[in-house]
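Asks: Mind having a look at this structure? Questions to follow.
Bear in mind these aren't lab numbers, they're just calculated from the coordinates by the rules spelled out. Computed from a predicted structure; not experimentally measured. Because the Cβ atoms are built from the backbone with ideal geometry, glycine has one as well, and the counts that use them run over all protein chains shown.
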Amino acid sequence: MDDRDRLRRAGLRVTAARLAIMQTVRDGDHLDVDAIHRGVRERVGQVSLQAVYDSLHSMQRGGLLRRIEPPGSPARYETRVGDNHHHLVCRECGRVTDVDCAVGHAPCMAPVSDAGYLVDEADVIYWGVCPACRPVEAR
């Protein structure tokens with residue numbers, strides 16, 4: 001299925017800007033809104049920052065994009081959705097890397113007490129220092 005079909009299935013109009021957003025997010029690596037906005041402008045020309053925010057919100061709500069918000073970092077977006085994967089975040093450079101679910105299937109982690117909730121997802125962020133930022137002797 002291509003992005004046009006994905007947008008239609010999510011109940012969204014197919015526009016050049018939305019297609020450019022999907023491609024920019026797919027080609028990027030957990031991009032923030034400013035980076036997505038720059039990428040979209042390179043692909044289609046002028047598009048407002050507000051239009052990018054609105055489209056990102058609609059695409060997230062439609063299940064096409066996932067928004068992650070590591071503490072101390074702006075919101076970032078990715079096209080990998082629906083598999084309950086987690087993230088590694090570098091404390092030095094802020095790089096974000098996907099990591100598959102800790103164990104098993106979603107939610108892949110069970111809380112000690114669910115307080116009556118029906119838990120269907122776990123969102124885990126592992127913090128550390130990426131290979132590029134680690135001192136040579138620690139590699």
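Asks: Using only Cα atoms, find the angle between the long axis of helix 16-27 and the longest principal axis of the chain, and express it within 0 to 90 degrees, rounded to the nearest 10.
Replies: The two axes meet at around 30 degrees.
Asks: If we count other beta carbons within 10 Å of each Cβ, what is the order of Val129, Val119, fewest first?
Replies: Fewest to most other Cβ atoms nearby, the residues stand as Val119, Val129.
Asks: Fewest first, what order do Tyr126, Tyr53 take by the number of other Cβ atoms within 10 Å?
Replies: So the ranking, lowest neighbour count to highest, is Tyr126, Tyr53.
Asks: Given the rule -39500 (n - 2.57) for each run of at least 4 DSSP H residues, summed and divided by the residues of the chain, what is its mean residue ellipticity at 222 nm, to the nearest 500 deg cm²/dmol?
Replies: -9500 deg cm²/dmol
Asks: So how strong a dipole does the chain carry about its Cα centre when Lys and Arg Cβ are +1 and Asp and Glu Cβ are -1, to the nearest 20 debye? Numbers along the way, then the final one.
Replies: On the way: 19 positive and 20 negative charges, 112 e Å.
Its charge dipole is roughly 540 debye.
Asks: On to the next question. For the pair Asp27 and Arg13, how long in nm is the line joining their label points, each one 7 Å along Cα→Cβ?
Replies: 2.5 nm
Asks: Over the chain, what is the relative contact order in whole percent, taking alpha-carbon pairs under 8 Å and six or more residues apart?
Replies: 19 percent
Asks: Applying 1/(1 + (r/R0)^6) with R0 = 41 Å to the Cβ-Cβ distance of Arg4 and Arg134, what FRET efficiency is obtained, to the nearest 0.05?
Replies: Efficiency, rounded to the nearest 0.05: 0.45.
Asks: Would you kindly compute the Cα radius of gyration of the range 3-77 and its largest Cα-Cα separation (Dmax), both in Å?
Replies: 11.5, 35
Asks: Between Val44 and Glu69, what is the FRET efficiency for a Förster distance of 25 Å, r being their Cβ-Cβ separation, to the nearest 0.05?
Replies: Working: r = 27 Å, r/R0 = 1.06.
Efficiency for this residue pair is about 0.40.
Asks: Rounded to the nearest 5, what % of DSSP beta bridges with both residues in the chain are antiparallel? Intermediate results must be reported in sequence, preceding the final value.
Replies: Numbers: 9 of 13 bridges.
Of the beta bridges lying entirely in the chain, close to 70 percent run antiparallel.
Asks: Suppose the Debye formula is applied to equal point scatterers at every Cα of the chain; what is log10 I(q)/I(0) at q = 0.10, 0.12, 0.17 Å⁻¹?
Replies: Each listed q corresponds, in turn, to -0.41, -0.57, -1.00.
Asks: Determine the distance separating the Cα centre of the range 38-87 from the Cα centre of the range 1-31; give it in Å without decimals.
Replies: A separation of 10 Å, based on Cα centres.
Asks: Right, something else. Select from Gly128, Ile36, Ala51 the residue farthest towards the positive end of the dipole of the chain; place +1 on Cβ of Lys and Arg, -1 on Cβ of Asp and Glu, and compute about the Cα centre.
Replies: Among Gly128, Ile36, Ala51, the one farthest towards the positive end of the dipole of the chain is Ala51.
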